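Report on the structure given below.
Bear in mind these aren't lab numbers, they're just calculated from the coordinates by the rules spelled out. These numbers were taken from a predicted model, which means no experiment stands behind them. Neighbour counts run over all protein chains shown; Cβ positions are idealised from the backbone, glycine included.
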Amino acid sequence: MSKDLTERFEKYADLIIKVGLNLQKGQRLMIRAPIEAVELTRALTAKAYDVGCPYVDVTFGDEELELIRFEHAPKDSFEEFPKWRVKGSIERAEQGAAFLSIAGNNPDLLKDQDPEVVALTRKVASEQSKPFSREYISNMRVSWCVISAAVASWAARVFSNEPEHRQVDLLWDAIFQMCRLGEPDPTAAWRDHIDALERRRAYLNDKAYTALKYTAPGTDLTLGLPKGHIWKGGIDQNADGTTFVPNIPTEEVFTLPDCNRVDGMVSSTKPLNYGGTLIDNFSLTFQGGKVVGVEAETGREVLKKLTETDEGAARLGEVALVPHSSPISTFGKLFYNTLFDENASNHVALGQAYSVCLEGGEAMAPDDFARAGGNNSVTHVDFMIGSDEMDIDGILEDGSTEVVMRDGEWAFEA
Ligand code: ZN
Ligand code: ZN
């Protein structure tokens, strides 16, 4: 590895441990990483111990093993799931551990596999992980952070026009740029950025709009916001009150829509990579919160299957605002990776809503959460709807409207 890359991993690891996880002395850390990110994982592990972490648990994964499973495992074995991992995560969570997930995936890994089996595998994984993912991650009881690492298969997809030996380096360059690591003091740059997000969400929380109205080519959507919705973004707090930044990079402020008050049509502005299938140029029509029409130039069957995963998969669980001028959007590339692509654009998600986005939501049973407008589902899939042609208005309690975004940019001062 070049000296330059070693230095950059050092900076990246510093940012993630200190700002992303804000790892505290005495706090344990669990890391899930692709095998190709071994150097970065080592840098992170060293940083964690340096701030006084007593133990770092690392699980390396090789996604080729997933493909091998699809190709070789018995056809009736796809309900199998390693529950011990969930138990282990819960045990660590109960000890107050922080969780770091390093994403680096081949977007095409499962493209030739049976969509039914792919959907089943996803469903089993989300259902079985729920005791951990819902109770600790979605509810923000523990500190967690999702970051990414350049891996060859992913880099080949993003930089397909570049020579093979350059692709991984180019993807690392892009990741470092999106993460503001070129700034003289990346940690300070991040704190400023997070403050700005904080001001936007405070403004929106103050307004307490009852709905947002979206207008753009192919989009005419009114999206209800439930009473007591809370805009989140940038920074969060775990059960002990320690702050952390769940995603690096992050550019969004988000909340939950009222899952029964979404009406009209919304069109995608970027492809959605779902379980290895690329769904492109699609639109969804909503009535009373529910998807009643699915159109797509490519991947319509997979999209339709996705909305049929369960009752909540045909309703929205997230609404997020991201200015079109975000660094990721300006970079102008599709990353085939939600962490990047969702931060390039205004988006919504089908499926589970974050209970922390509703006043008292964390303490609510799923039924009560649903009655308050919160969506329940085993799935949560973001898709991009923003562009420089998107206008968004906020509708106040008395029916009057105010500008929120014009031509894809914030239209209010905060
Ligand atoms: Zn989002
Ligand atoms: Zn999301």
The range 80-189 shape via C-alpha gyration tensor axes, a/c threshold 1.5: oblate
Modelled FRET efficiency - R0 35 Å, Asp173 with Asp195, Cβ distances, 0.05 increments: 0.85
Using amide H atoms built 1.01 Å from N in the peptide plane, name the residues 5+ places from Gly317, or on other chains, whose amide H lies under 5 Å from its own. Ala349, Leu350, Gly351
Anything over 29 Å Cα to Cα? Flag those among Lys130/Lys305; Lys11/Lys207; Lys130/Lys232; Lys304/Lys333; Lys18/Lys123, in the order listed. Lys11/Lys207; Lys18/Lys123
Could the peptides 155-164, 326-335, 75-84 be put in order, highest first, of the mean number of other beta-carbon atoms found within 10 Å of their residues? 326-335, 155-164, 75-84
Would you mind checking which residues have amide H under 5 Å from Val58's amide H? H placed 1.01 Å from N; only 5 or more apart, or other chain. Ile31
Roughly how many debye, to the nearest 20, is the charge dipole of the range 1-155 about its Cα centre, given +1 on each Lys and Arg Cβ, -1 on each Asp and Glu Cβ, and no other charges? 800 debye
Starting from the Cα of Arg406, step 7 Å along the direction of its Cβ; do the same at Asp391; then give the gap between the two resulting points in nm. 0.9 nm
Once you have a ≥ b ≥ c as the square roots of the Cα gyration tensor eigenvalues for the chain, tell me rounded if a/c is under 1.5, and otherwise prolate or oblate according to whether a/b is larger than b/c. rounded
Part-to-part distance (alpha-carbon centres) for the range 13-78 and the range 383-401, which is given in Å: 38 Å
Given 391-399, 135-143, 313-321, the highest-first ranking by average Cβ count within 10 Å works out to 313-321, 135-143, 391-399
What list of ³J(HN,Hα) values in whole Hz, one per residue of the range 15-24 in order, does the Karplus curve 6.51 cos²θ - 1.76 cosθ + 1.60 (θ = phi - 60°) give from phi, with Gly and Pro shown as x? 4, 5, 5, 8, 9, x, 8, 6, 4, 9
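If each DSSP helix of 4+ residues adds -39,500 (n - 2.57) and the sum is divided by the residues in the chain, what number results at 222 nm, nearest 500 deg cm²/dmol?
My calculation for the chain gives -9500 deg cm²/dmol from helical runs alone.
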Indicate the gyration tensor shape class of the range 1-105 (rounded, prolate or oblate), computed on the Cα atoms with a ≥ b ≥ c the square roots of the eigenvalues: a/c under 1.5 is rounded; otherwise a/b larger than b/c is prolate and the rest oblate. oblate
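Taking the highest mean first, how do the peptides 213-224, 249-260, 185-196, 267-278 order by number of other beta carbon atoms within 10 angstrom per residue?
Packing order, densest peptide first, comes out as 249-260, 267-278, 213-224, 185-196.
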Can you list the HN-Hα couplings for the range 119-131, worked out from phi with the Karplus curve (6.51, -1.76, 1.60; θ = phi - 60°), rounded to whole Hz and with x for Gly and Pro? 5, 4, 4, 4, 5, 4, 4, 5, 5, 5, 7, 3, x
Long-range HN-HN contacts of Ala149 with modeled amide H, under 5 Å: Ala103, Gly104
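Taking the Cα centre of the chain as origin, work out the dipole magnitude from +1 charges on Lys and Arg Cβ and -1 charges on Asp and Glu Cβ, in debye rounded to 20.
Dipole of the chain, to the nearest 20 debye: 900 debye.
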